[in-house]
Amino acid sequence: MIEPIETDRLRIRDVVLADCEAFFGYMKLEEYWRDVPIDPPTLPWVQSLVQRCLQDQTASPRTNYFLAAACKQSGTVIGEAILRVESVWHGQGEVGWGVALKYTGRGFGKEFGQAMVRLGFELGLHRLYAQCRVGNAASLRTMAKVGLTEEGTIRENVKARGEWWSSCQWSILRTDIT
């Protein structure tokens, strides 16, 4: 378990079993999954995701941080913040985030992303990257606001729902912010 990460408006914390309903509530909407390389989420899929998160919390060393992002004031889960440590040796990790449709356009994605960048660097990583589907304008804007630098397009690197997707990749180095 990690200590919750506090931002101005959020408490980003380890997932708990009770988060299934909140995650499913926003993940089932097409606006959430249409640019994510997954099939439309079902409740059993979300329950399995939460179970994997609970298992990941006990791993040593821990390499997967799929965290619930909740409003400080209400405690409502409004999205997820993700850090995946790819290589401790090479100091590499991937960050990501998802924001419930009801809360998009308010800067929460930026807060999620900045918190995951901070966590990655606190864990000693040197380079963090994020990817999104080409054409996902909201994610591209968020990556820029988080402080990542565009690296380029990875052509047809993901197969989702029977189609090949290309991804935009952005990154940030520890030295970019210190």
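The values are calculated or read from the model by the stated rules, or taken from the named source; none is laboratory data. All values reported here derive from a predicted model rather than from experimental measurement. FYI the Cβ positions are ideal-geometry reconstructions off the backbone, even for glycines, and counts take in every protein chain you see.
Among the residues making up the range 20-44, none is exposed (fewer than 15 other Cβ atoms within 10 Å of the Cβ) and among the aromatic types (F, W, Y).
Would you please name the residue that is farthest from A59 (Cα to Cα), looking only at residues in the range 3-13 that are surrounded by fewer than 18 Cβ atoms within 10 Å (Cβ to Cβ) and touching a strand residue (DSSP E or B) at 6+ places or on another chain (Cβ under 6 Å)?
Kept after step one, since they are surrounded by fewer than 18 Cβ atoms within 10 Å (Cβ to Cβ), are these residues of the range 3-13: 3-4, 6-9, 11.
Going one step further and asking which of them are touching a strand residue (DSSP E or B) at 6+ places or on another chain (Cβ under 6 Å), we end up with 4, 11.
Working: P4: 18, R11: 22 Å.
Going through the qualifying residues, I end up with R11.
Residue pairs whose Cβ atoms lie under 6 Å apart, sitting 6 or more positions apart in sequence or on different chains, and linking a residue in the range 144-169 that is over 20 Å from G107 (Cβ atoms) to a partner that is among the basic types (K, R), are W165/R133; S166/R155.
Residue-by-condition table, conditions (1) among the small types (G, A, S); (2) more than 28 Å from D19 (Cα to Cα):
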residue: I78; (1), (2): no, no
residue: A138; (1), (2): yes, no
residue: S166; (1), (2): yes, yes
residue: I177; (1), (2): no, yes
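Of the numbered criteria (1) surrounded by fewer than 18 Cβ atoms within 10 Å (Cβ to Cβ); (2) at pLDDT 95 or above, the one A69 fails is (1). Go through the range 88-128 residue by residue and tally those that are closer than 20 Å to D176 by Cβ and polar (S, T, N, Q). Qualifying residue count for the region: 2.
Scan the range 15-41 for residues that are touching a strand residue (DSSP E or B) at 6+ places or on another chain (Cβ under 6 Å), acidic (D, E) and under 21 Å from G75 (Cα atoms) and report the count.
1
So which residues in the range 117-127 are under 20 Å from L67 (Cβ atoms), without any contact (Cβ under 8 Å) to a residue 60 or more places away in the chain and buried (at least 17 other Cβ atoms within 10 Å of the Cβ)?
Of everything in the range 117-127, those that are under 20 Å from L67 (Cβ atoms), without any contact (Cβ under 8 Å) to a residue 60 or more places away in the chain and buried (at least 17 other Cβ atoms within 10 Å of the Cβ) turn out to be G120, F121, L123, L125.
Answer yes or no as to whether S74 is part of a loop (DSSP other than H, G, I, E, B) and either closer than 26 Å to A160 by Cα or of a type in the set (S, T, Y) (or both).
Details: part of a loop (DSSP other than H, G, I, E, B): yes; either closer than 26 Å to A160 by Cα or of a type in the set (S, T, Y) (or both): yes.
Here the answer is yes, as S74 does meet what is asked.
Quick check on my filter: what residues within the range 68-112 are among the aromatic types (F, W, Y) and touching a residue at least 12 places away in the same chain (Cβ under 8 Å)?
Applying the first criterion (among the aromatic types (F, W, Y)) to the range 68-112 yields 89, 97, 103, 108, 112.
Within the range 68-112, W97, Y103, F108, F112 meet the criteria.
From G96, G79, which residue is out of contact with any Phe, Trp or Tyr (no Cβ under 8 Å at 6 or more places or on another chain), of a type outside the set (V, I, T) and either crowded, with 16+ Cβ neighbours inside 10 Å or modelled with pLDDT under 95 (or both)?
On the way: G79 fails: out of contact with any Phe, Trp or Tyr (no Cβ under 8 Å at 6 or more places or on another chain).
Exactly one of G96, G79 is out of contact with any Phe, Trp or Tyr (no Cβ under 8 Å at 6 or more places or on another chain), of a type outside the set (V, I, T) and either crowded, with 16+ Cβ neighbours inside 10 Å or modelled with pLDDT under 95 (or both), namely G96.
For the range 53-67, does any single residue satisfy the condition of being touching a residue at least 12 places away in the same chain (Cβ under 8 Å) and either in contact with a His (Cβ under 8 Å, 6 or more places away or on another chain) or in a helix (DSSP H, G or I) (or both)? Within the range 53-67, one or more residues are touching a residue at least 12 places away in the same chain (Cβ under 8 Å) and either in contact with a His (Cβ under 8 Å, 6 or more places away or on another chain) or in a helix (DSSP H, G or I) (or both).
Using the structure shown, decide if I12 is hydrophobic (A, V, I, L, M, F, W, C) and assigned to a strand (DSSP E or B). Don't jump to the end; show me each part of the working.
Details: hydrophobic (A, V, I, L, M, F, W, C): yes; assigned to a strand (DSSP E or B): yes.
Yes, satisfied.
Picking from residues in the range 25-52 that are basic (K, R) and not in a helix (DSSP H, G or I), the one that is modelled with the highest pLDDT is K28.
Just to be sure, is A130 closer than 24 Å to N64 by Cβ and touching a residue at least 60 places away in the same chain (Cβ under 8 Å)?
Here the answer is no, as A130 does not meet what is asked.
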